[in-house]
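The values are calculated or read from the model by the stated rules, or taken from the named source; none is laboratory data. Bear in mind the structure is a predicted one, so any value in this text is a computation, not a measurement. With ideal geometry, Cβ positions are generated from the backbone for all residues, glycine too; neighbour counts draw on all protein chains shown. Side chains included, ligands, DNA and RNA excluded: accessible areas come from the protein's heavy atoms. Shrake-Rupley method; radii C 1.70, N 1.55, O 1.52, S 1.80 Å.
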Amino acid sequence: MSDTATPVIDSQVHCYERDRPERPWASTLAGPDEVTGDDMVAAMDRLGVDGALLVSPWAMYRYDASYALEVGARHPDRFGLIKPFDPDAPGVAEEVAEWAGRPGVVGARLMMGAPAPRIAAPDGVDRVLAAGARHGLPVNVLCWGNLAAFAEAAERNPDTRLVIDHLGLRQPFAPPPPEEPFGDLPQVLALARFDHVAIKISGACTLAREPFPFPDIWDPLERIFDAFGLDRCLWGTDWTRAVEVVSPDDAVEAFRVTDRLSASDRAALMGGSLTGIYGWTPG
């Protein structure tokens, strides 16, 4: 556990069982064959991370969050739970309402970019976002490669707390990093004009072209911090998706050892801001 007054909270991790008939995978996600809730807690303890937002992995389980619920029940003091929703489902608003009433739930998720096979229709997106606002759930949105559609959705839904996943930038599932990892940064910075939009600084180290401690990511990250304000920026590792590109140890330590963050900035980015946005703290 961390030894700071502000808890250290990872804004995105994934847990899953091995593929098995009782809970089959729809496809695969980069990472180990299995990372159980117990495995994740052991890793968090080793790394000094107090809690995490556990995002049910769309790649494996699509819209079934049953395993995330099991993990949350086993470790209620360590995980806040988030699941993806199908915006094309006729009863999706009712599904969000049911999810909001579950123990440990802190948010919902929409897939508006790869690896989802297509872009969701605006009316379905709006049903999910309106339901999130109605039930006080922040809606996390994977929108890399589709930032214009996200901006339109944010404009239409000013009462919904929206959280951009993974900097809004395409991130690799295996080396090497993109040739221009921050090529879409101007579009991301433009989203800061929406006061109800926050951004996960998750998977950031996967965009580095230089080795640990990844000095080349900090200038663009500082532009994001300046645009959004640290109260709307949430650090995260995206363990396990990022594991073939960067180790969880490096994804944590890079933010601890950098001299580009003050102690107060680090506390806000690595936990304090998340508590404010989701209304959740571990333990």
Item to complete: Might you let me know whether region 162-171 holds any residue that is in a loop (DSSP other than H, G, I, E, B), closer than 19 Å to PHE85 by Cα and open to solvent by 10 Å² or more (accessible area, probe 1.4 Å)?
Response: no
Worksheet item: From ASP226, ASP250, ASP231, ASP184, which residue is under 30 Å from THR36 (Cα atoms) and either free of Cβ contacts under 8 Å to residues at least 12 places away in the same chain or acidic (Asp, Glu) (or both)?
Response: ASP250
Item to complete: Could you tell me whether THR237 is touching a Pro at 6+ places or on another chain (Cβ under 8 Å), modelled with pLDDT of 95 or more, crowded, with 18+ Cβ neighbours inside 10 Å and under 22 Å from ALA263 (Cβ atoms)?
Response: yes
Worksheet item: Quick check: anything in region 216-227 acidic (Asp, Glu), more than 27 Å from GLY132 (Cα to Cα), open to solvent by 10 Å² or more (accessible area, probe 1.4 Å) and not in a helix (DSSP H, G or I)?
Response: no
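Table: residues versus (1) in a loop (DSSP other than H, G, I, E, B); (2) under 30 Å from ARG209 (Cβ atoms).
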| site | (1), (2) |
| --- | --- |
| VAL141 | no, yes |
| GLY145 | yes, yes |
| PHE150 | no, yes |
| ALA154 | no, no |
| ALA174 | yes, yes |
| GLU180 | yes, yes |
| PRO186 | no, yes |
Worksheet item: Just a yes or no: is a residue in region 1-9 within 23 Å of VAL163 (Cβ to Cβ), open to solvent by less than 10 Å² (accessible area, probe 1.4 Å) and of a type outside the set (Val, Ile, Thr)?
Response: no
Worksheet item: If we keep just the residues of region 20-43 that are assigned to a loop (DSSP other than H, G, I, E, B) and either free of Cβ contacts under 8 Å to residues at least 24 places away in the same chain or among the aromatic types (Phe, Trp, Tyr) (or both), which is surrounded by the most Cβ atoms within 10 Å (Cβ to Cβ)?
Response: TRP25
Item to complete: Could you grab me the full set of residues in region 44-54 that are of a type outside the set (Lys, Arg), open to solvent by 20 Å² or more (accessible area, probe 1.4 Å) and either more than 23 Å from GLY279 (Cα to Cα) or in a loop (DSSP other than H, G, I, E, B) (or both)?
Response: LEU47
Practice prompt. Output yes when any residue across region 68-81 is part of a loop (DSSP other than H, G, I, E, B) and within 26 Å of PRO172 (Cβ to Cβ), and no when none is.
Written response: no
Worksheet item: within 19 Å of the chain's Cα centre (by Cα), of a type in the set (Asp, Glu) and closer than 22 Å to VAL13 by Cα, is that true of ASP184?
Response: no
Worksheet item: When the residues of region 126-149 are filtered to those that are hydrophobic (A, V, I, L, M, F, W, C) and either more than 18 Å from the chain's Cα centre (by Cα) or over 16 Å from PHE85 (Cα atoms) (or both), which remaining residue is most open to solvent (accessible area, probe 1.4 Å)?
Response: ALA148
Worksheet item: Say we look at region 55-101 and pick out the residues that are among the basic types (Lys, Arg) and touching a Gly at 6+ places or on another chain (Cβ under 8 Å); which of these is least open to solvent (accessible area, probe 1.4 Å)?
Response: ARG78
Worksheet item: Are there any pairs with C-beta distances below 8 angstrom linking a residue in region 131-148 that is at positive phi to a residue that is surrounded by 20 or more Cβ atoms within 10 Å (Cβ to Cβ), with the two at least 6 apart or on different chains, and if so which?
Response: GLY145/GLY113
Worksheet entry | Enumeration of residues in region 242-283 that are open to solvent by 50 Å² or more (accessible area, probe 1.4 Å) and at pLDDT below 95 | GLU244, GLY283
